[in-house]
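S.K.: First, the structure itself, so that you have it in front of you.
Laboratory data are not the source of any read-out in this text; all were calculated from the coordinates shown. Quick caveat: nothing in here was measured; it's all calculated off a predicted structure. A quick note on method: Cβ atoms are made from the backbone with ideal geometry, for glycine too, and the neighbour counts reach across all protein chains shown.
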Amino acid sequence: MPLLLLHGFLGLGSDWDAVRAHLPSAAQTLTPDLPGHGATPLTEPPSYAAWARWLEGLLDARGWPQVTLAGYSLGGRVALAFAACCPQRVARLVLVSAHPGLTDAAQREARAQADAARAEAIRTRGLLPFLEAWYRLPLFGLEGRTALRRELIARRSRQRGDAMAAVIEAMSPGVQPPLWDALAQLPVPVDYVVGARDAKYVALADRMAGFPHVHVHRVEGAAHMVHLDAPRRLASLLAAHPGETA
């Protein structure tokens, strides 16, 4: 079964390189740059519906009727939205540190306003100051990891600021349609992968554990960026059968 891996906000398809290095050599794996990121232009205003159409076009272009679809953070939210609208194209869904959506109206409004303010800051002050603040957020687990933090900022600073501003505003969890009900009703197996050091997403994982088709995997030693903190472990989970603990 082909494997399609979606990176997170600010990322690139190459963010998956360390994971791919531990996958079986025969695995058919595609790691595209999401729209507005890297080599993929932002040809229309970003939205979950537009990116679902873009993903379907990727699969059609390769003649892949179905894939194992995995996504990290924003990529996971996009993957879940795609699985909800096109379940026949997804044989298995793997969500890595991905939020199914805020359901509280006040929280949604607050997050939408916060991300709109971040977008405006990128437009007016540039991308680099935003990155300096973004990678100090506790969920990334970068305290004391100065070299990795500097490497991430250097890589992400090559992105186009106008595109990143458009994406963070339009694809905000405050704008994202809540997909908890869709997740509960998906007709495909789901693996939810969370870093044990990522307290916010561990709580989400506990909530998802109540769905019979969702299998939760806590990765010890990892924070939000499981694909960077524990690439071998994540590769093992991707290569295993759905629900297996690798």
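S.K.: Translational diffusion coefficient of segment 11-90 at 10 °C, 1.306 mPa s, Stokes-Einstein with Kirkwood Rh over Cα pairs, in µm²/s as a whole number. Before the final figure, lay out each step's value.
M.R.: On the way: Rh = 13.3 Å.
In µm²/s, the coefficient is 119.
S.K.: Rg (Å, one decimal) plus Dmax (Å, integer) for the alpha carbons of segment 97-246?
M.R.: 16.8, 47
S.K.: Given springs between every Cα pair under 10 Å in a Gaussian network model of the chain, which of TRP16, TRP180, TRP64 has the largest fluctuation?
M.R.: Result for the chain, Cα springs under 10 Å: TRP64 fluctuates most.
S.K.: Let me ask something additional. Hey, in the GNM for the chain with a 10 angstrom Cα cutoff, which one of ASP181, ASP229, ASP33 fluctuates hardest?
M.R.: ASP181
S.K.: Please build a GNM for the chain, connecting alpha carbons under 10 Å apart, and tell me which residue among LEU228, LEU137, LEU59 fluctuates the most.
M.R.: Highest fluctuation of the listed residues: LEU137.
S.K.: Another question about this same structure. Suppose the chain between GLU120 and TRP64 were pulled fully straight at 0.36 nm per residue; how much longer would it get relative to their current alpha carbon spacing?
M.R.: Working: separation 56, 0.36 × 56 = 20.16 nm, distance 3.88 nm.
Using 0.36 nm per residue and subtracting the Cα-Cα distance, I get 16.3 nm.
S.K.: Using a cut-off of 14 Å between beta-carbons, work out the net charge of the residues near TRP54 (Lys and Arg +1, Asp and Glu -1, TRP54 not included).
M.R.: Numbers: positive: ARG53, ARG62, ARG89; negative: ASP33, GLU44, GLU56, ASP60.
Combined, the nearby Lys, Arg, Asp and Glu give -1.
S.K.: If one computes the Cα centroid of segment 54-79 and of segment 7-40, what distance in Å separates the two points?
M.R.: Result: 12 Å between the Cα centres.
S.K.: How long are the three semi-axes of the equivalent ellipsoid of segment 60-141, in whole Å, if each is the root of 5 times an eigenvalue of the C-alpha gyration tensor, listed from largest down?
M.R.: Numbers: eigenvalues 183, 53, 34 Å².
After scaling each eigenvalue by five and taking roots: 30, 16, 13 Å.
S.K.: Determine the distance separating the Cα centre of segment 118-153 from the Cα centre of segment 203-246; give it in Å without decimals.
M.R.: 25 Å
S.K.: What does the charge count around ARG233 come to, taking other residues whose C-beta lies under 12 Å from its C-beta (Lys +1, Arg +1, Asp -1, Glu -1)? It would help to have the intermediate numbers written out before the result.
M.R.: On the way: positive: ARG218, ARG232; negative: GLU220, ASP229.
Net of charged neighbours comes to 0.
S.K.: Give me the mean projected area, in nm² to one decimal, of the convex hull enclosing the Cα positions of segment 1-155.
M.R.: Details: hull surface 41.6 nm².
Over all viewing directions, segment 1-155 projects a mean Cα-hull area of 10.4 nm².
S.K.: Here is a follow-up. Just need log10 I(q)/I(0) for segment 178-226 at q = 0.18, 0.21, 0.22 Å⁻¹, Debye formula, equal scatterers on the alpha-carbon atoms, no solvent, rounded to two decimals.
M.R.: -0.54, -0.70, -0.75
S.K.: Relative contact order for the chain: what percent, with Cα pairs under 8 Å and sequence separation of 6 or more? Don't skip to the answer; put the middle values down first.
M.R.: On the way: 444 pairs, mean separation 56.1, N = 246.
About 23 percent, as a whole number.
S.K.: Let me ask something additional. Compute the signed sum of charges (Lys and Arg +1, Asp and Glu -1) over the other residues within less than 15 Å, Cβ to Cβ, of GLY174. Could the numbers behind the result be given before it?
M.R.: Values: positive: ARG77, ARG108, ARG111, ARG118; negative: ASP104, GLU109, ASP115, GLU120, GLU169.
Local charge sum for GLY174: -1.
S.K.: Name the helices (complete DSSP H segments) of the chain with a Cα length along the long axis of 18 Å or more and a Kyte-Doolittle mean of at least -0.5, or state none. Write out the running numbers ahead of the final one.
M.R.: Details: long enough: 48-62 (22 Å, -0.06); 105-125 (29 Å, -0.95).
Long hydrophobic helices here: 48-62.
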